[in-house]
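Following: one structure in structure tokens, then a few remarks.
Bear in mind that the values in this text are calculations on the coordinates, not laboratory data. Keep in mind the model is a prediction, meaning the values are calculated, not measured. For neighbour counting, all protein chains shown are included, and Cβ atoms are generated from backbone atoms with ideal geometry for every residue, glycine included.
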Amino acid sequence: MHKYLGKLAVLQSDDKAESQALADKLSVPLYESVHKKTAEDFFLTWRDGELKLLDKELLKKGGLSVDIFPRHGEQRSWPAPKEGALAQAIGRKTKTVVDATTGWAQDSLHIFRMGYDLRCIERSPIMLALLEDAFIRLEQVDWMRRLELSSPELLAGNAIDVLASLKEAPDCIYIDPMFPPKRKKSALPKKSMLILRDLLGDDMDREALFDAAMAATSKKVVVKCPDHAAPLGGRPMESFGSKLLRYDVYLKR
């Protein structure tokens, strides 16, 4: 039985062929509408030009989508200045970055906007669908088109395996294994949040992911974690703090 069966369905949008293709890709049902007796709790559908993940209890609300625009306080120019704790951790001399835990891509897109050559790894097929839609939308943004830029490359799969298969070692591998980036649309019932976590999957083993990142990088690994958490890889070479967060830097020996 497919892991999403009975949990997720695709809700048909204006483009029926596109909706059917997504349902087939995820091996889930396609519905024209949702009723109280509908078994699934979550639905993917296109609304307002975006692919969104909707909760059955909040079908009329906005839903969850990947926000391609800068967060409050982030520069809207490109490349944005390499300022702040994250930029300090990645480093000005760094060119290539792999985000091994892309998730909702808020950190990924900030890294991308700072001008780094970025690749993104994601293992959840649902999250991949949301990211693919977001990166298509990103390429339609005025400054992206004007500068003839392409969205970051998306790599599907378990990060531990994907990192081991990289043909070229990136300067920096970024991992956020502790918790997902903050997002605006998070006011879901507790039950729905538990189901969403079940759908998208739990974190991979943090220690194994860190070891895979250290083996795959050419220069450094940056680990994002809460300021109260113990360092993932032992004592870091450097650490840069911001409110409630810390970016620990581990250099390749």
Is the range 27-40 home to any residue that is in contact (Cβ under 8 Å) with a residue 60 or more places away in the chain and either in contact with a helix residue (DSSP H, G or I) (Cβ under 6 Å, 6 or more places away or on another chain) or not in a loop (DSSP other than H, G, I, E, B) (or both)?
-> no
Test Ser13 against the criterion of being under 14 Å from Ser65 (Cβ atoms) and in a loop (DSSP other than H, G, I, E, B), and give yes or no.
-> yes
Could you grab me the full set of residues in the range 206-253 that are touching a residue at least 12 places away in the same chain (Cβ under 8 Å), assigned to a loop (DSSP other than H, G, I, E, B) and closer than 28 Å to Leu130 by Cβ?
-> Thr217, Ala229, Leu232, Leu244
Of the residues in the range 78-92, how many are touching a residue at least 60 places away in the same chain (Cβ under 8 Å) and either farther than 18 Å from Trp143 by Cα or of a type in the set (Gly, Ala, Ser) (or both)?
-> 7
From the residues in the range 58-85 that are among the acidic types (Asp, Glu) and surrounded by 12 or more Cβ atoms within 10 Å (Cβ to Cβ), which one is farthest from the chain's Cα centre (by Cα)?
-> Glu74
Search the range 139-168 for residues that are polar (S, T, N, Q) and pair each with any residue that is surrounded by 11 or more Cβ atoms within 10 Å (Cβ to Cβ) and in a helix (DSSP H, G or I) when their beta-carbon atoms are under 6 Å apart and the residues are at least 6 apart or on different chains.
-> Ser151/Phe135; Ser151/Leu138
Identify all residues within the range 159-175 that are closer than 12 Å to Arg119 by Cα and of a type in the set (Ser, Thr, Tyr); write none if there are none.
-> Tyr174
The residue from Leu166, Leu128 that alone is among the aliphatic types (A, V, I, L, M) and either in a loop (DSSP other than H, G, I, E, B) or more than 17 Å from the chain's Cα centre (by Cα) (or both) is Leu166
